[in-house]
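Okay, so here's the structure we're looking at.
The values are calculated or read from the model by the stated rules, or taken from the named source; none is laboratory data. What you are looking at is a predicted structure, and each value in this text was computed from that prediction instead of being measured. Heads up, the Cβs are rebuilt from the backbone with ideal geometry, glycines too, and the neighbour counts pull from every protein chain shown. For the accessible areas, the whole protein counts, side chains as well, though only heavy atoms, and no ligand, DNA or RNA atoms are used. Shrake-Rupley method; radii C 1.70, N 1.55, O 1.52, S 1.80 Å.
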Amino acid sequence: MDIEFGRWGNARYPNLNYTVWPAKGGFKNSSYIKEYSQQGNYSNQQFTWSRDSVIFSTFNGKMADDKHIVASYSCIQPPASISSLQMPVHINLWLFDGKPPADGKAVEVLIDSFSFRK
């Protein structure tokens, strides 16, 4: 399960990406893309993972409520396509194809908090 911000080398490609990779062979990944423009200094990214669905949400600011939601996607696939295995969490900042930003500016991501609830 991924929430990613990137254009993958194509300036016209929407920059917000939600993806669920299949748990087993024979299933396709489920993806949602949208152009996202963050308002202010904070955003809130979350997903809710259950046995048969993954619900992604993006909010402007720190509040996760209807007033601040800017994107949401529900991946409801055959249950066999959504993993039920425990998985590690990775938070990455990486360069597409190892190339630095075209504008030469530094890139920084600050994480104010992270939580996992069972």
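Where residues in region 40-67 are under 11 Å from the mean Cα position of the chain (by Cα) and closer than 12 Å to ILE82 by Cβ, which of them is least open to solvent (accessible area, probe 1.4 Å)? Looking at the filtered set, the residue picked out is ILE55. Within region 14-27, if we keep just the residues that are open to solvent by 80 Å² or more (accessible area, probe 1.4 Å) and out of contact with any helix residue (DSSP H, G or I) (no Cβ under 8 Å at 6 or more places or on another chain), the residue that is modelled with the highest pLDDT turns out to be TRP21. If only residues of region 70-118 that are touching a residue at least 60 places away in the same chain (Cβ under 8 Å) and polar (S, T, N, Q) are counted, the one that is surrounded by the most Cβ atoms within 10 Å (Cβ to Cβ) is SER81.
Based on what the data block shows, is ALA64 out of contact with any helix residue (DSSP H, G or I) (no Cβ under 9 Å at 6 or more places or on another chain), modelled with pLDDT of 85 or more and farther than 17 Å from LYS34 by Cα? When the stated conditions are applied, ALA64 passes them. Would you pick out the residues in region 73-92 that are more than 19 Å from SER57 (Cα to Cα), in a loop (DSSP other than H, G, I, E, B) and not small (Gly, Ala, Ser)? The answer is PRO78, LEU85, GLN86, MET87, PRO88. The number of residues in region 12-39 that are over 16 Å from the mean Cα position of the chain (by Cα) and closer than 25 Å to ARG117 by Cβ comes to 1.
Could you look through region 99-118, keep only residues that are of a type in the set (D, E, K, R) and under 21 Å from the mean Cα position of the chain (by Cα), and pick out the one that is nearest to ALA11 (Cα to Cα)?
Filtering region 99-118 for residues of a type in the set (D, E, K, R) gives 99, 103, 105, 108, 112, 117-118.
Narrowing the set further to residues that are under 21 Å from the mean Cα position of the chain (by Cα) leaves 108, 112, 117-118.
Details: GLU108: 19, ASP112: 28, ARG117: 36, LYS118: 38 Å.
Going through the qualifying residues, I end up with GLU108.
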